[in-house]
Amino acid sequence: MESEEVANKACDARYYELLEELQALDFVLVELNLYLDTHPGDYQSIEQYNKFAQERMRVAQEFQQLYGPLTNFGHAFSKYPWEWSQTPWPWQV
């Protein structure tokens, strides 16, 4: 990808909105996971965890359709040409 294309991709406001939403969802999921490790019978928290996990999958899918894969090793699809080698990667912005 040309450097100008990289800059345009990274400057897209929706790119940053989706990344921020993913970070917030990941935070909630980690906290709920830690809580459920010590409270495995809390049905409401399990429901919350599942709801946030579904929302994270939806947001990740939207991000990946617009901007390419978030992770590799079979956790995300790639369009042609191979997108994984294109930057910036989410952790670079």
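A few remarks follow.
- Taking all protein chains together, 73, 63, 27 sort by accessible area into 73, 27, 63, largest first [probe 1.4 Å].
- Across the stretch 60-73, computed HN-Hα scalar couplings (Karplus, 6.51 cos²θ - 1.76 cosθ + 1.60, θ = phi - 60°) run 4, 5, 4, 4, 5, 5, 7, 10, x, x, 8, 9, 10, 6 Hz from first to last residue, x flagging Gly and Pro.
The values are calculated or read from the model by the stated rules, or taken from the named source; none is laboratory data. Please read these numbers as outputs of a predicted model, since none were measured by experiment. Ligands, DNA and RNA are stripped out before the accessible areas are found, and what is left, the full protein with its side chains, is counted by its heavy atoms. Shrake-Rupley method; radii C 1.70, N 1.55, O 1.52, S 1.80 Å.
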